[in-house]
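In what follows, a structure is listed as structure tokens, so that the remarks can point back to it.
The values are calculated or read from the model by the stated rules, or taken from the named source; none is laboratory data. Source: prediction; values computed, not measured. Reconstructed Cβ throughout: ideal geometry from the backbone, glycine too, with neighbour counts over all protein chains shown.
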Amino acid sequence: MAEIKIAVRIDSLPVQLSKALQLASQLGATAVEINARNGIRPSELSDTGLRQLRKMLNDLNLRVAAVRFPTRRGYDNPTDLDRRVDATKAAMQLAYRLGASVVINQIGGIPDTTDDPRYTSLQGVVDDLGRYGAKVGAFLAAETGSESPEKLADLIKSNDNAYIAAALNPGQLIINRHSPREAIRALGDRIQVVSAVDGVIDLSAGRGISVPLGQGTADFPELLGMLEDFPFRGYFVVGRQQMPSDTVLEELQQGIEYLGNL
């Protein structure tokens with residue numbers, strides 16, 4: 001089995017970027033996931049700023065595993081769609097310049113039928129971003145979540161000339177009552193990065209919640225074995241949204257150790 005490559009999601013740390021990078025290195029990660037909407041904005045990062053960021057990473061022996069670019073709306077929403085697509089392309093350019101091959105974002109709602117005009121519009125955007133990824137050298141990775149893995153796979157695999165990767169997020173799948181196992185079967189070698197988040201259905205609250213690694217229902221040893229069949233050689237990114245600030249370092253450390261022991 002290949003060695004697991006572990007990255008830390010920088011925006012899970014409630015400190016400035018430079019300090020967050022130092023903490024990620026101290027935790028034992030070899031790479032980081034950078035948020036291109038929170039802390040670093042492609043449109044505001046000068047060549048000098050990019051060189052400084054690269055130096056910080058090099059000094060700490062860190063690579064950029066992925067760039068996260070969470071848009072306020074999905075690509076299914078026509079409001080300001082052109083601007084959203086252009087901003088995504090800028091994030092893809094940034095990822096390439098930082099040595100990362102993927103930009104993580106959720107695609108948005110996928111209509112049930114392919115003859116729905118909204119599906120046609122979404123397909124056009126996905127194809128455009130897929131072709132742009134091949135041109136620039138960094139690809140959009142559609143993160144699993146509210147949509148069924150099968151619908152997502154059908155959408156991103158429909159055009160052989162427009163490559164869209166996938167970011168497997170087991171926790172979000174569980175929260176939305178989808179199966180991480182089925183997601184791996186459906187998406188296969190399109191999975192280029194794993195958001196290492198766990199989840200559980202809270203029966204008392206009637207909803208799903210994200211939880212620290214190993215405390216939910218995601219069977220990571222099994223999922224890792226399934227990914228090895230392709231084989232998967234990407235990063236596992238530790239960290240989730242809205243982590244308690246007083247326990248974030250402890251949770252990240254435990255997550256790194258959990259994955260390292262698999």
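Screening residue 182 with (1) free of Cβ contacts under 8 Å to residues at least 12 places away in the same chain; (2) of a type outside the set (A, V, I, L, M, F, W, C); (3) under 30 Å from residue 131 (Cβ atoms) gives one miss only, at (1).
Mind listing whichever residues of region 115-130 are of a type in the set (Asp, Glu) and either out of contact with any helix residue (DSSP H, G or I) (no Cβ under 8 Å at 6 or more places or on another chain) or surrounded by 19 or more Cβ atoms within 10 Å (Cβ to Cβ) (or both)? Reasoning before the result, please.
Taking region 115-130 as the starting set, the residues that turn out to be of a type in the set (Asp, Glu) are 115-116, 127-128.
Hits for region 115-130 are 115, 116, 127.
Using the structure shown, decide if residue 49 is without any contact (Cβ under 8 Å) to a residue 12 or more places away in the chain and of a type outside the set (Val, Ile, Thr). So residue 49 fits the description; yes.
Just wondering, is there one or more residues in region 157-166 that are of a type in the set (A, V, I, L, M, F, W, C), modelled with pLDDT of 95 or more and touching a Leu at 6+ places or on another chain (Cβ under 6 Å)? Checked against the condition, which is being of a type in the set (A, V, I, L, M, F, W, C), modelled with pLDDT of 95 or more and touching a Leu at 6+ places or on another chain (Cβ under 6 Å), region 157-166 yields at least one hit. For region 15-67, a residue qualifies if it is loosely packed, with under 15 Cβ neighbours inside 10 Å, more than 20 Å from residue 133 (Cβ to Cβ) and of a type in the set (S, T, N, Q), and the qualifying residues are 16, 18, 26, 38, 46, 48, 52, 58, 61. Under the condition of being crowded, with 17+ Cβ neighbours inside 10 Å, of a type outside the set (A, V, I, L, M) and more than 15 Å from residue 147 (Cα to Cα), the residues counted in region 72-87 number 1. Under 22 Å from residue 70 (Cα atoms) and touching a residue at least 12 places away in the same chain (Cβ under 8 Å): does that describe residue 146? Against the criterion (under 22 Å from residue 70 (Cα atoms) and touching a residue at least 12 places away in the same chain (Cβ under 8 Å)), residue 146 qualifies. Which of the residues that make up region 100-121 are in a helix (DSSP H, G or I) and closer than 16 Å to residue 150 by Cβ? Answer for region 100-121, where residues must be in a helix (DSSP H, G or I) and closer than 16 Å to residue 150 by Cβ: just 119.
Can you confirm whether residue 133 is crowded, with 21+ Cβ neighbours inside 10 Å, touching a Ser or Thr at 6+ places or on another chain (Cβ under 7 Å) and at pLDDT 95 or above?
Values: crowded, with 21+ Cβ neighbours inside 10 Å: yes; touching a Ser or Thr at 6+ places or on another chain (Cβ under 7 Å): no; at pLDDT 95 or above: yes.
Criteria not met by residue 133.
Can you confirm whether residue 207 is on the phi < 0 side of the Ramachandran plot and at pLDDT 95 or above? Full working, then the answer.
Values: on the phi < 0 side of the Ramachandran plot: yes; at pLDDT 95 or above: no.
The answer is no for residue 207.
Restricting the search to region 98-110, which residues are under 19 Å from residue 156 (Cα atoms), of a type in the set (A, V, I, L, M), touching a residue at least 60 places away in the same chain (Cβ under 8 Å) and in contact with a helix residue (DSSP H, G or I) (Cβ under 8 Å, 6 or more places away or on another chain)? 102, 103 - these are the residues of region 98-110 that are under 19 Å from residue 156 (Cα atoms), of a type in the set (A, V, I, L, M), touching a residue at least 60 places away in the same chain (Cβ under 8 Å) and in contact with a helix residue (DSSP H, G or I) (Cβ under 8 Å, 6 or more places away or on another chain).
The set of residues in region 147-178 that are among the polar types (S, T, N, Q) and either in contact with a Phe, Trp or Tyr (Cβ under 9 Å, 6 or more places away or on another chain) or surrounded by 18 or more Cβ atoms within 10 Å (Cβ to Cβ) (or both) comprises 148, 169, 172.
What strands (runs of 3 or more DSSP E) completely inside region 5-97 contain at least 3 residues that are among the polar types (S, T, N, Q), out of contact with any helix residue (DSSP H, G or I) (no Cβ under 9 Å at 6 or more places or on another chain) and at pLDDT 95 or above?
On the way: elements: 5-9, 31-35, 63-68.
Those strands (runs of 3 or more DSSP E) do not exist here; none qualify.
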